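Reading through the structure tokens given below for one structure.
The values are calculated or read from the model by the stated rules, or taken from the named source; none is laboratory data. None of the values given here were measured: they were computed from a predicted structure. Here the Cβ is made from the backbone with ideal geometry for all residues, glycine too, and neighbour counts use every protein chain on show. These area figures cover heavy atoms from the full protein model, side chains too; ligands, DNA and RNA do not enter into them. Shrake-Rupley method; radii C 1.70, N 1.55, O 1.52, S 1.80 Å.
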Amino acid sequence: MYWGIAAFMVVVATLILTFVLLPQYQRSLVEVPLELRAELISLRFVNTPECFTYQDQVTGRIFAGVIDLQKFTQAQLDKCYRTEPEKGFKDFNFALELEGFTPTVGGEKKFLVTNNFFNKVDFTLYKQVLVRNGDRLEPTRLVIQVQTRI
């Protein structure tokens, strides 16, 4: 009787270890934090000419970390990063503010927002950038508010 109960308990313990604890442990080892994933996605805003990065028209050289103020528009953001209209609320969505350059409407700052951003900010990323305003370069900070999912 004792050996039957003991064998049953060993089998149950082995099944729990195999199907519950080990997969959880493996997932925790390879899980990428949300902040890192959002940081990697948001690098496109300051490092690619398809978004806001300044690109010299003559040489074609791309200046990473330099935002062209002429490109910092809602239309450019819509071309640069777009989520699916029906399921995009599950993806990363962003609201962008360029400190010192963000226009105000009715006393409130007008952020550039992705198509499925619903004013639910999960965390905020900050990037030190230079803004090309005409022929001048001005240091400022790009504030990226991140919505992970609704």
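Per the Debye formula with a single identical scatterer at each Cα and no solvent contribution, what log10 I(q)/I(0) holds for the chain at q = 0.17 Å⁻¹? Values returned for q = 0.17 Å⁻¹ are -0.98. Give the carbon-plus-sulfur fraction of the accessible surface of the range 94-150 in %, rounded to a whole number; probe 1.4 Å, heavy atoms of protein chains only. Result for the range 94-150: 49 percent of the exposed heavy-atom area is carbon or sulfur. Net length available on complete extension from T148 to V105 is 12.8 nm, with 0.36 nm assigned per residue and the Cα-Cα distance removed.
In the chain, which helices (entire DSSP H runs) extend 18 Å or more along their own long axis, judged by Cα positions, while averaging at least 0.5 on the Kyte-Doolittle scale?
Answer set is 2-16, 34-47.
With a cut-off of 15 Å, note down the residues of the range 34-69 whose backbone N falls inside the zone around a label point 7 Å from the Cα of K79 toward its beta carbon. Within reach of a label on K79, which here means backbone N under 15 Å from a point 7 Å along Cα→Cβ, the range 34-69 contributes 45, 48-57, 68-69.
About the Cα centre of the chain, how large is the charge dipole given +1 on each Lys and Arg Cβ and -1 on each Asp and Glu Cβ? Please answer in debye to the nearest 20. For this selection, approximately 100 debye.
A straight chain from L137 to S28 at 0.36 nm per residue would run longer than the Cα-Cα distance by 34.9 nm.
Sorted on the mean count of surrounding Cβ atoms within 10 Å across their residues, most packed first, peptides 29-35, 49-55, 76-82 read 49-55, 76-82, 29-35.
Largest mean-square fluctuation among F45, F94, F19, in a Gaussian network model of the chain whose springs join Cα atoms under 10 Å apart, belongs to F19.
Grab the DSSP H runs of the chain that are 4 residues or longer, score each as -39,500 (n - 2.57), total them, divide by all residues and round the 222 nm result to the nearest 500 deg cm²/dmol. So the helix-based figure for the chain works out to -9000 deg cm²/dmol.
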